[in-house]
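See below for the structure under consideration.
The values are calculated or read from the model by the stated rules, or taken from the named source; none is laboratory data. Note that this is a predicted model, so its numbers are computed, not measured. Don't worry about glycine lacking a Cβ; one is built from the backbone with ideal geometry, like all the others, and counts go over all protein chains shown. In case anyone asks, the SASA skips ligands and DNA or RNA and just uses the protein heavy atoms, side chains included. Shrake-Rupley method; radii C 1.70, N 1.55, O 1.52, S 1.80 Å.
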Amino acid sequence: LDAADVPTALQALWTIERTYLDAWSAALPGAPEYREFVEHWTVPGFAGYVAGLAQAADAVGGPVDDAVFIELVAAETAFWDMAMGAA
């Protein structure tokens with residue numbers, strides 16, 4: 001994302017953070033061993049940050065780059081597959 005233009009970088013960052021917000025919100029209240037993560041990624045301040053990213057991405061405009069979204073989702077999936085495989 002360091003080399004991406006501003007609209008693409010904001011859309012990508014929003015995608016990443018929104019994924020965490022949605023995933024951990026779906027896990028509420030969370031099993032005891034994951035509760036710290038659930039609480040960290042679902043606090044109102046984080047939800048506000050994600051909403052602010054959405055507003056910033058909308059403000060700068062630019063076309064939505066589906067390829068970036070697909071690449072990010074693939075990277076997140078690979079990360080969690082690796083993390084859960086190591087557990």
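See the values below:
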{"quantity": "Probe 1.4 Å, accessible area per residue of the chain, Å²", "calculated": "67 Å²"}
{"quantity": "Accessible-area composition of the chain, carbon plus sulfur, in percent [1.4 Å probe]", "calculated": "65 percent"}
{"quantity": "Contour minus Cα-Cα distance for ASP2 and GLU36 (0.36 nm per residue)", "calculated": "9.3 nm"}
{"quantity": "Ranked by how many other beta carbons lie within 10 Å on average, peptides 43-51, 74-82, 13-21 from highest", "calculated": "13-21, 43-51, 74-82"}
{"quantity": "Point-to-point label distance, GLU71-ARG18, nm (Cα→Cβ direction, 7 Å offset)", "calculated": "1.8 nm"}
{"quantity": "Residue-averaged 222 nm ellipticity for the chain, from DSSP H runs of 4+ at -39500 (n - 2.57), nearest 500", "calculated": "-26000 deg cm²/dmol"}
{"quantity": "Rg(Cα)/(2.2 N^0.38 Å) for the chain, N = residue count", "calculated": "1.19"}
{"quantity": "Relative contact order (%) - criterion: Cα under 8 Å, at least six apart; region: the chain", "calculated": "39 percent"}
